[in-house]
Amino acid sequence: MKNLKKLVALFVAIAMISTLMVPAFADSSFKYEEEARDMYDLGLFKGESETEYVPNLGELLSRETGAVMLLRIFAQEDEALEMSDEEADEKLAAFSDGDTVANWAKKQVAYATDKGYIKGYPDGTFAPKEALNGKAYCSLVLQLLGYDGDFNYHTAATSLSEVGGLTSAEAAIFNSNDPINRDSLVGISYGALKATFKGSNETLIQRLVRLEKVDANLAKDKGLIDAVIKEVAELEDVYVKVGETANLPSTVEVTYDNDETGEVEVTWPTVDTSEVGEQEIEGIIAGTPLTAKVKVIVQPDELTVTSVTADNLKEVAVEFSAALDEDTVNADNIYVKDVTGSVELQEGGRTVVITVDGNGLDNSGDYTLVVKGVKDTTGMEIEETEIDFEAFDGTRPVAEEIKVTGPSSLEIVFSEPIKEDGNVEIEIGETSIGTEIDGGYGTRTISVTIYDELEDGKTYDVIVKGFKDYAEFANITKTFELEYAKDTEAPVAEITKVDQTYVKVEFSKPVKGLHPQNFYHTFSAWEAKGIYKEESMTADSAIEPEDSVSTVWVKFVEDSDNDRPLAEGTQIVGIRGKYDDVDVVDNWGNKFESVEIEVTVSVDKDAPEVTSVTIEGENTLKIVFNENVTFDEDNIEVLDTDGKEIDGVVIDVKTASPAKEFEVDLGTELGGKTIVVKITNVEDTALYPNKMSEYKATIEVGDQTAPKVKVALDEDGEVLYFIFDEDVSNTALDKNNYAIMDSNGKLTNFKNSPKFAEGSRIVKIELADGETLDNTKNIFVQKIEDKAGNAMAGVIVKFENIETLDEAVAPKVESVEITAKDKIVITFDQYLKEAPIEGFEVTVGSETFDEKADYKSTSVTRNSKGNTVVTLVLKSADIKADASNVTVKVVENSLKNRLDVAVGEVTFNPATGTSEPKVADKIAPSIIETGEGKNKKLDIKAQARSNEITIYYDEAIENKISYRDFEVKDYTIDKIEAKDLETGENVVIITLTDDIEEGTTSIKLTQKYAVKDKAGNESKLDKTVDVTVIPVTEP
């Protein structure tokens, strides 16, 4: 039926026959004259002449003219014109009047009818000269925009306005059965240029520019596009597992012709990831023929170690199957058992080199490599791996090259790390020049000082001999011929690593004269806190002005609260060529010229995640995160399956932060129980920490604990009750497991057999004639097993410890929770056979509810433990959001369990009071709403020329809020605070770094993370809201 309606609507749209009707807009002047000229200039409207502008806007729009215009504005006319005359005639022959189509429209009409854009009439005619009305032409436009079937023909103009193609006023005019003239054709077509294609944000004019059918600069001059894109930024490589979907960036940064930059959407083709390898993908950007390009690297679907090589005793090279995430490459994740060392990811990202501390590995020694926690660039984590390998070095070190670093210094690069001193001799003719080894032991590069300066243009022999590796093999003597040329090029620098707190600077050759003040970022006054030779950036590697270095680690932040880190995005790092009258020079005296380098600063915005929660015994949890985090007792709750606290659980986090793995002691054994682990507000170690969303896991704790028992006697002294702390098996029905013990320790089994009295936790034994209990006798219980098979050892219950039945099994109220402003949930610690509503008395403010008629609804159910839960929904009460005005009383002797033992009277006081017990506030805080009906809105206030946004809540909010919990579009948040005002109002105040600009009518507020009330209930906006900005009223 839907398809039939669609077909009829399309037929009506195209086959509308106009009789002798007065043309719309028949005035001598026309509404769209300016737009007609613009479209003529853009090549989208030709008028009546091929040589000059003759628009003839008053002529009625014919079907053939509509077809031509439709193809032209949708960039299909050129393809239509490629059709031969014979082919066009053949297609038009399908219509009895096909030969009446004008020659200038013949190919276009043939193309449009062949594509199904326009259809003929049932009588076999096309009627090319018949008029079109506005609804029909708007329908054609919508069809080519991709909305075929999504609109009603009779309101087609309105549908076109809803996708940006017309104003509502124009839609009202064009939703007409009257034929339209060419002026209206221009109006609809011009409006359509700003309409968006279905499933895309690309407008028609942007597509025409992208396809180079319209000149971008001309479209800009006509006001149809805001700016012309002149450059597209490079994108980082995308890594993906074989067979998985590549996650390509949705936007790319572009530079416009006004030199401003912005982010624009990219439409990507489907990427074939069926095979491992690399491929370059091009994406479409609306409004430009330029494309976005990204390299997609398809990696194996499993991260593994493919090889381990230890052929020089100082280094262990570990090759992986895919490129690694650099943040996971560290000495905690990749190491040799019982050996300390450092690790470094090599260029290419797949090889890690472990450099062993001290004197290296034993030759022919057996070792074990351990790899864990390492991820590839797609986030795939390697399974913990141990690989045995042999360290073996049977080759001599080779001096591979020498590098001149100054007129009196050079470096020698070896094939492997060097352990012991050798000799470097420099000769020219019969003259020898003395040298001294400066350092480099433990590495592949040895630094050498020459006692005399080398002379420009002369050739020297450099003899390298006697350098030993860690297997004690000396290098084969090698002579290098060095033709010395004085270096007159100034040193240059590049930045090879960027963090918010530091950068790594590589000079093209060693330089000296460096001070921390030579380095700054963003502003010239934001100078470095220290400069260092090594990544550790410790005091022992600090660089002094006289040191000659080529690698410099520049630290900008020591205290994140007071220092100035690099902000996210493109920033400037400056390197001064002089400070305090000291030039930065290389070893030849060539001066380094001051430079400012653009760097891209990435900020860790990814919240940490829990990767696993496991039980280690009955009272210990092991929690593993995907990165280092700060974690303590405030971040974890262990609850039962109803979300309630478990008696005896006292959480103690044993592992110090920061760490990835934490051991958590629960303080009690939970064997056989199902627990819910709730983890909240965990932050990573980023400069500005990211906070994790709430995590919950339900865990079955293996039961390894035998049941415990207490004994009770009924009031008549005739029945003994054995109350176990968990469900027990049928071993509890074996009379041999129960006995009376006299004062001499003699055991006498009961005459009557035990029976389950209630469920499988309470066993009763009726005392037979002659079986009496007094203070000379005790009760002995043994070998009772729980459902997991754990058997209790023999237990003696002394006579004085035997309780009355009421004491032992009296039901208790486990909790009273206020879950909504009219809803109370009362949970008991066992099943009740009687729970009449009259057994409860609820007071809200001064109003009391104590009979069924007072409630909107009531229910009595059982929770997962089988215990009774009573839910009361009040008719008229308005409980405060913090549950501060509600009291719940359980009336004595009204509610009973299966053993006819009643609940004792108890009153639960308001949640915010001081008297125990108290009701539990489980009402989530909410933002107050103001106004009625359509005028109802959230009470959030913002004023122009102020930098504060105030959110009004219905209860106090816990002041543990991060500036990252909210976002304000186009503004930066400085801080967020929760306050209880003297007026009694509860607010969250967002302070921006800048005032809200005057003239701003609204701002967009997004809540990223939940806020909590004083009871820990969370509240979060589920969508971005528009906050009305109050204008400044001048006095």
**Report entry** Residue match in region 641-652 (condition: outside the structural domain of Val869 (by TED's automatic domain parsing) and over 22 Å from Gly671 (Cβ atoms))
**Finding:** no
Requested in this report: Could you grab me the full set of residues in region 510-553 that are β-branched (Val, Ile, Thr) and either touching a His at 6+ places or on another chain (Cβ under 9 Å) or in contact (Cβ under 8 Å) with a residue 40 or more places away in the chain (or both)?
Outcome: Val511, Thr522, Ile531, Ile543, Val549, Thr551, Val552
Report task. List every residue pair whose Cβ atoms lie under 7 Å apart, where the two residues are 6 or more positions apart in sequence or sit on different chains, the first residue falls within region 742-763 and is on the phi > 0 side of the Ramachandran plot, and the second residue, located anywhere, is modelled with pLDDT of 95 or more and charged (D, E, K, R). Result -> none
Report summary line: Within region 468-483, residues among the charged types (D, E, K, R) and in a strand (DSSP E or B) come out as Lys468, Lys478, Glu481, Glu483
Query - Pick from region 385-414, criterion in contact with a Lys or Arg (Cβ under 9 Å, 6 or more places away or on another chain) and polar (S, T, N, Q), ranking: surrounded by the most Cβ atoms within 10 Å (Cβ to Cβ) - result: Thr405
Query raised in the report: Does region 647-672 hold any residues that are in a loop (DSSP other than H, G, I, E, B), crowded, with 18+ Cβ neighbours inside 10 Å and of a type in the set (A, V, I, L, M, F, W, C), and which are they?
Result: Leu666, Leu670
Requested in this report: Give Val1032, Val988 a once-over and let me know the one that is crowded, with 17+ Cβ neighbours inside 10 Å and on the phi < 0 side of the Ramachandran plot.
Outcome: Val988
Query raised in the report: Can Glu319 be described as of a type in the set (Asp, Glu), under 30 Å from Lys509 (Cβ atoms) and assigned to a strand (DSSP E or B)?
Result: no
**Report entry** Which listed residue, of Asp970, Asp965, Asp974, is surrounded by 14 or more Cβ atoms within 10 Å (Cβ to Cβ), farther than 26 Å from Thr843 by Cβ and either of a type in the set (A, V, I, L, M, F, W, C) or outside the structural domain of Arg862 (by TED's automatic domain parsing) (or both)
**Finding:** Asp965
Requested in this report: Check whether at least one residue in region 177-190 is assigned to a helix (DSSP H, G or I) and farther than 18 Å from Glu35 by Cβ, and report yes or no.
Outcome: no
Query raised in the report: With respect to Thr950, is the statement that it is surrounded by 14 or more Cβ atoms within 10 Å (Cβ to Cβ), of a type in the set (Ser, Thr, Tyr), out of contact with any Pro (no Cβ under 8 Å at 6 or more places or on another chain) and more than 24 Å from Lys812 (Cβ to Cβ) true?
Result: yes
Report summary line: For region 927-978, the count of residues that are polar (S, T, N, Q) and at pLDDT below 90 equals 3
Query - Odd one out for Glu817 among (1) charged (D, E, K, R); (2) without any contact (Cβ under 8 Å) to a residue 60 or more places away in the chain; (3) over 18 Å from Lys708 (Cβ atoms) - result: (2)
Query raised in the report: For region 994-1030, which residues satisfy the criterion of being in a loop (DSSP other than H, G, I, E, B) and either outside the structural domain of Ile957 (by TED's automatic domain parsing) or among the hydroxyl-bearing types (Ser, Thr, Tyr) (or both)?
Result: Thr1000, Thr1001, Tyr1009, Thr1024
Report task. For Asp99, indicate whether it is assigned to a helix (DSSP H, G or I), at pLDDT below 95 and surrounded by fewer than 21 Cβ atoms within 10 Å (Cβ to Cβ). Result -> yes
Query - Residue satisfying all of: in region 37-70; of a type in the set (Asp, Glu) and more than 21 Å from Pro179 (Cβ to Cβ); modelled with the lowest pLDDT among these - result: Glu50
Report task. Answer yes or no as to whether Ile426 is in a loop (DSSP other than H, G, I, E, B), assigned by TED's automatic domain parsing to the domain that holds Tyr470 and in contact with a Phe, Trp or Tyr (Cβ under 8 Å, 6 or more places away or on another chain). Result -> no
Query raised in the report: Among the residues of region 832-851, is any among the polar types (S, T, N, Q), in contact (Cβ under 8 Å) with a residue 60 or more places away in the chain, in contact with a strand residue (DSSP E or B) (Cβ under 7 Å, 6 or more places away or on another chain) and not assigned by TED's automatic domain parsing to the domain that holds Asn775?
Result: no
**Report entry** Pair list, Cβ under 9 Å, 6 or more apart: region 677-699 residue farther than 19 Å from Val603 by Cα, other residue part of a loop (DSSP other than H, G, I, E, B) and acidic (Asp, Glu)
**Finding:** Lys678/Glu694; Ile679/Glu694; Thr680/Glu694; Asn681/Glu694; Tyr695/Glu609
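The values are calculated or read from the model by the stated rules, or taken from the named source; none is laboratory data. Note that the structure is a prediction, hence the values are computed from the model and not measured. So basically every Cβ, Gly included, is an ideal-geometry build from the backbone, and we count neighbours across all protein chains shown.
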